[in-house]
1. I need to check one value: relative contact order of the chain, counting alpha carbon pairs closer than 8 Å and at least 6 residues apart, in percent.
2. Suppose each label sits 7 Å from its Cα in the direction of the beta carbon; what would the residue 57-residue 334 distance come out to in nanometres?
3. In segment 138-297, if every C-alpha pair distance is counted and binned at 5 Å from zero, what percent goes to each bin?
4. Using a/c under 1.5 as the rounded threshold, could you call segment 239-347 rounded, prolate or oblate? The axes a ≥ b ≥ c are square roots of the C-alpha gyration tensor eigenvalues, and prolate needs a/b larger than b/c, oblate otherwise.
5. Once every DSSP H run of n ≥ 4 in the chain is given -39500 (n - 2.57) and the sum is divided by its residues, what mean residue ellipticity at 222 nm do you get, rounded to the nearest 500 deg cm²/dmol?
6. What residue among 267, 13, 55 shows peak mean-square fluctuation when the chain is described by a Gaussian network model with Cα springs under 10 Å?
7. Enter the Cα centre distance for the pair segment 11-25 and segment 99-121, rounded to the nearest angstrom.
8. Calculate, in nm to one decimal, what residue 341 and residue 109 gain on full extension: separation in residues at 0.36 nm each, minus their alpha carbon distance.
């Protein structure tokens, strides 16, 4: 009796439910493997997506979401997955993983990209792949069911910042639309010298993921001073896009905001707080370490088709220093108008 053949297919509407069931059940899969990202990226950025899955006898054994990002300035790449921190290939067995990798390499040849990029949380090895050592780290920590215990394990200095913020009569609110979040976030990233996403992107995420996508806003004196978009997946909360106004620093509003995320997630029954990725040597990295979260290096692999060095598109690259300093000085309306046209290539 012959074993059933493993087949690689591209995701269509008929297979979305099966894809998401596999992601929900696969321990290595993350929120960023959900099929909804395909529609969000296509609608928000116009990139071509290729969502491969390995199937045997009608059952999915592995998935690999890919996006083709091509720019005359920032290069030509096939990425799993831009705008997402961990969405590399995941599978139930080595055969499915190898078949997905082969399909991706064949596509990379067909599209003639410079490189194929896999983003993983845990270390992986692929034939001929180049690992970019310590490019990013992520910060993940267990949430105790007892809220008071979560506060007590936060280092003393950071706990003092939360206590300080609570004296300013701050409150957190959950919005149903992205208006206040985007207003705060756009100011924050402009001040960092980073192009902002369009508000449409935020709206697409909310429309696609519903209650799994949350807009939390911190208010002081009737004004939003900090805000964050949170994702929920299984028993995890992932604060993802966040920032604060110039006033937020003196109010310790960002400290209050992330404590509110943890508090609400604890009450919701979440057991993991995923603080997301950061680069060493940045303010975001130091901020997360101050919360007592361990830094876990992320495993990103690059299959290079031309050249032998992975791309270095990040704000710590000296080549981008002039651009960053110039961007910080742009009037906010201009930065908000230009930013979405640039950031779509910086996934």
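1. In percent, rounded to a whole number, it is 22.
2. With each label placed 7 Å out from Cα toward Cβ, I get 6.4 nm.
3. The distribution over segment 138-297 is 2, 9, 18, 22, 24, 17, 7, 1, given as percents.
4. oblate
5. -11000 deg cm²/dmol
6. 13
7. First find each Cα centre; the distance between them is then 21 Å.
8. Once the chain is fully extended between residue 341 and residue 109, it gains 80.8 nm.
Here, each number is a calculation from the coordinates, and none is a lab measurement. Computed from a predicted model, the values in this text were never measured in an experiment. Counting neighbours? That spans all protein chains shown, and the Cβs are built from the backbone with ideal geometry, glycine included.
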